[in-house]
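Working notes for the structure below.
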Amino acid sequence: AAIAGGVYSLDADSARAMLCNDADEEQSEFILGGLVDDAAALLSETVDLSGYQLPVPRTYVRLSEDRCYPPELQARSARRTGGDVVTLPSGHMAMVTIPGEVAAVLNA
């Protein structure tokens, strides 16, 4: 329903429900303030994963409270990337709500 004319667009109420479920009001305003329309291809285009065959270490971060990307899709994505899996207790915008924990995973 958020795709029309090749554009993916979320209204503020939907974005708040999907992206801000674990954010406080200040974090929510920051998240919603950066919301822009995107190309619908983001959600429909085939992704070439052939680069994942290279011997580059990778980590997939699963988010236990994500209301945007459900657990079954996160599990499938984690399997496809073939990397280590770390689960953080966060919604979709972990880089805003728990930035220290995200930084620790990236640094590790």
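Here are some notes:
- Filtering the stretch 1-43 to residues that are in contact (Cβ under 8 Å) with a residue 40 or more places away in the chain and either farther than 25 Å from residue 90 by Cβ or of a type in the set (Ser, Thr, Tyr) (or both) leaves only 3.
- Residue check for residue 86: surrounded by 14 or more Cβ atoms within 10 Å (Cβ to Cβ), hydrophobic (A, V, I, L, M, F, W, C) and assigned to a helix (DSSP H, G or I): no
- Contacts under 6 angstrom Cβ, first residue in the stretch 85-108 being free of Cβ contacts under 8 Å to residues at least 12 places away in the same chain and closer than 20 Å to residue 67 by Cβ, partner open to solvent by less than 30 Å² (accessible area, probe 1.4 Å) and outside any helix (DSSP H, G or I), 6 or more apart: 98/90
- Considering the stretch 16-67, and only residues there that are open to solvent by less than 80 Å² (accessible area, probe 1.4 Å) and among the β-branched types (Val, Ile, Thr), the residue that is modelled with the lowest pLDDT turns out to be 59.
- Of the residues contained in the stretch 30-41, one or more are found to be among the small types (Gly, Ala, Ser), assigned to a loop (DSSP other than H, G, I, E, B) and farther than 26 Å from residue 79 by Cβ.
- Residue in the stretch 60-82 that is within 24 Å of residue 16 (Cα to Cα) and basic (Lys, Arg) present: yes
The values are calculated or read from the model by the stated rules, or taken from the named source; none is laboratory data. Note that the structure is predicted; figures quoted are calculated from it, not measured. Please note: Cβ atoms are built from the backbone with ideal geometry, for glycine as well, and neighbour counts cover all protein chains shown. Calculation scope for accessible area: heavy atoms of the full protein, side chains included, ligands and nucleic acids excluded. Shrake-Rupley method; radii C 1.70, N 1.55, O 1.52, S 1.80 Å.
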